[in-house]
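Enquirer: Please see the structure below; I have some questions.
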Amino acid sequence: MAALGATCNDSKDAQSLQFPAMLPVMIPFFVFVPVLREPMSTFSVVMSLIPPFTPFLMMVRQASPVTIPLWQPIAGLAGIVLLTIAPGCEDDVEMILRDLKKDIMIERTNVKR
């Protein structure tokens with residue numbers, strides 16, 4: 001929401017951008033009933049593994065009487081963590097890759113001698 005406020009000059013512009021911004025939050029509520037009825041269906045599994053929908057839909061699936069395989073909540077959590085951490089780590093990844101490339105070049109020069 002802060003990004004919307006920063007991109008808009010007045011409240012009318014912000015109101016027109018609010019619906020697209022709220023859509024990822026509203027989608028889990030639209031698919032709540034099919035997920036609750038069949039928590040092990042392919043649709044339910046896929047929707048609950050999409051990171052913006054995972055917190056709500058995975059809890060709905062786990063509240064059902066069906067036992068959810070352990071890997072699914074773990075995979076959902078991993079997806080959320082990666083989606084949250086990955087965008088901020090670009091510089092770190094570049095630095096690590098640069099260091100690895102430097103180490104590989106040093107090893108190659110040592111092997112040639």
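The values are calculated or read from the model by the stated rules, or taken from the named source; none is laboratory data. Just so we're clear, the structure is a prediction, and the values are computed from it rather than from any experiment. Neighbour counts are summed over all protein chains in view; Cβ atoms, including those assigned to glycine, are modelled from backbone coordinates with ideal geometry.
Enquirer: Restricting attention to region 47-68, and to residues there that are of a type outside the set (A, V, I, L, M, F, W, C) and in contact with a helix residue (DSSP H, G or I) (Cβ under 9 Å, 6 or more places away or on another chain), which single residue is surrounded by the most Cβ atoms within 10 Å (Cβ to Cβ)?
Expert: The qualifying residue surrounded by the most Cβ atoms within 10 Å (Cβ to Cβ) is 48.
Enquirer: Next question, about the same structure. Quick one: how many residues across region 1-20 are at pLDDT 80 or above and touching a helix residue (DSSP H, G or I) at 6+ places or on another chain (Cβ under 8 Å)?
Expert: 1
Enquirer: Suppose we filter region 89-113 for residues that are modelled with pLDDT of 70 or more and either at positive phi or not acidic (Asp, Glu) (or both); how many remain?
Expert: Total satisfying the criteria: 7.
Enquirer: Tally up the residues in region 17-46 that are farther than 21 Å from residue 79 by Cβ and surrounded by fewer than 11 Cβ atoms within 10 Å (Cβ to Cβ), please.
Expert: Residues that pass the stated criteria total 4.
Enquirer: Do you know which residues across region 1-46 are closer than 14 Å to residue 60 by Cβ and in a loop (DSSP other than H, G, I, E, B)?
Expert: The answer is 31, 38, 39, 40, 41.
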